[in-house]
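Asker: Handing you this structure, nothing more for now.
The values are calculated or read from the model by the stated rules, or taken from the named source; none is laboratory data. Remember, predicted model here, so these are calculated numbers, not experimental data. For neighbour counting, all protein chains shown are included, and Cβ atoms are generated from backbone atoms with ideal geometry for every residue, glycine included.
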Amino acid sequence: MSEFSTLLVTEENGVAVVTINRPKALNALNSTVLDELSVAFDELAVNDSAKVIILIGSGDKAFVAGADITQMKDMNVIEGKLFAEKGQHVFTKIEQFPKPVIAAVHGFALGGGCEIAMACDIRVASDAAKFGQPEVGLGIIPGFGGTQRLARLVGRGMAKLLIYTADIIDAPEALRIGLVQKVVAPEALLAEAQAIAKRILKKSTIAVNLAKDAINRGMEMDIPNAMQYEAYIFGTCFASEDQTEGMTAFVEKRKPAFSGVFAKK
Ligand code: DAK
């Protein structure tokens, strides 16, 4: 992995942990963080040993307190547009990343922080996590996909309530509305994300990654096209050794030993 000034990246037993490491600025997303996230995810995409990614913030106050307001404050129109394109590009890269990405959220996940968590596949929160889209209070709207991803995750009415009021909600409320999938004690946060990663790692990597693609792309289609796409992806699974092994192991009443090899039988 490259050396980064705003990220820490570790990898162990198939799980890479990407830590956004600007605790003094509550891990706010400036151009450097966005550039480094882009490089880190590019490198993890081609790193065969990293099969699940966990994204977390450093320090005990914030996951990410949003885009860096001090950097944005004096941007002109061109700089604002370039910053938005950079952010949207990175968030889309995470959303479409060919492996599962789990956000582990402790403390503030505001603005771009909530948006980057929403670009991940699964969100685990500590019971001290706080979520919100405060942009309208800054004279802007959520611009890293928030108006789109929040509405898709929690429904239009709830997304409008949160975005129009800029209300900050706590972890139990985030769980209730479906913004996060699990809430645990702060000290258990990383362990819980790792436990989920471990359960995913026991399954066919090929099937898991294809399921991500089918869900993500299908959600952008109408039902007939999405069903057709699902059938196409389902068929693709039959080109993998994992499909043969998974079904053979079932018939032989043993646990499967997946190779992750995508090879035509
Ligand atoms: N940017 C830069 N610095 C930040 C920051 C941020 N978003 N959030 C916090 N910090 C810095 C503070 O300035 C402070 O720095 P020092 O004064 O110590 O140097 C340090 O982190 C600690 O923060 P506080 O002293 O404020 O800590 P508190 O516990 O009192 O308050 C807080 C925590 C999270 C409630 C508060 O810091 C806060 O309200 N932060 C701002 C939250 C926010 O509004 N976030 C949303 C940002 S808007 C775009 C696309 C997307 C976006 C923008 C553009 N385009 C399409 C162009 C996204 C926008 C956003 O994310």
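Asker: Out of the stretch 37-64, which residues are surrounded by fewer than 20 Cβ atoms within 10 Å (Cβ to Cβ) and of a type in the set (Lys, Arg)?
Answerer: 61 - this is the single residue of the stretch 37-64 that is surrounded by fewer than 20 Cβ atoms within 10 Å (Cβ to Cβ) and of a type in the set (Lys, Arg).
Asker: While we're here: State which residue is farthest from residue 190 (Cα to Cα) when the search covers only the stretch 57-67 and only residues that are in contact with a strand residue (DSSP E or B) (Cβ under 6 Å, 6 or more places away or on another chain) and within 7 Å of the ligand (Cβ to nearest atom).
Answerer: 67
Asker: A further question follows. For the condition surrounded by 16 or more Cβ atoms within 10 Å (Cβ to Cβ), touching a His at 6+ places or on another chain (Cβ under 9 Å), farther than 21 Å from residue 100 by Cβ and not basic (Lys, Arg), what is the one hit in 34, 26?
Answerer: 34
Asker: Only one of (1) modelled with pLDDT of 95 or more; (2) closer than 24 Å to residue 214 by Cα fails for residue 88. Which number is that?
Answerer: That leaves (1) as the condition not met.
Asker: Moving to a separate point now. Hey, can you tell me all the residues within the stretch 92-112 that are of a type outside the set (Gly, Ala, Ser) and within 9 Å of the ligand (Cβ to nearest atom)?
Answerer: Within the stretch 92-112, the subset of a type outside the set (Gly, Ala, Ser) is 92-102, 105-106, 108, 110.
Across the stretch 92-112, the qualifying residues are 108, 110.
Asker: Right, here's the next one. In the stretch 208-229, which residues are within 27 Å of residue 50 (Cβ to Cβ) and surrounded by 12 or more Cβ atoms within 10 Å (Cβ to Cβ)?
Answerer: 208, 209, 210, 211, 212, 213, 214, 215, 216, 217, 218, 229
Asker: Continuing with this model, one more query. Residues that are aliphatic (A, V, I, L, M) and either more than 22 Å from residue 170 (Cα to Cα) or free of Cβ contacts under 8 Å to residues at least 40 places away in the same chain (or both): which strands (runs of 3 or more DSSP E) entirely in the stretch 1-87 hold 1 or more of them?
Answerer: Passing ranges, in order: 7-12, 15-20, 52-57.
Asker: Give the number of residues within the stretch 115-148 that are farther than 16 Å from residue 176 by Cβ and within 9 Å of the ligand (Cβ to nearest atom).
Answerer: Here the count works out to 13.
Asker: Pick out the one residue from 127, 121 that is among the charged types (D, E, K, R) and crowded, with 17+ Cβ neighbours inside 10 Å.
Answerer: Of the residues listed, the single one that is among the charged types (D, E, K, R) and crowded, with 17+ Cβ neighbours inside 10 Å is 121.
Asker: Still on this structure: Residue 104 passes all but one of (1) small (Gly, Ala, Ser); (2) more than 26 Å from residue 81 (Cα to Cα); (3) free of Cβ contacts under 8 Å to residues at least 60 places away in the same chain; (4) not in a loop (DSSP other than H, G, I, E, B); which number fails?
Answerer: Just one mismatch for residue 104, condition (3).
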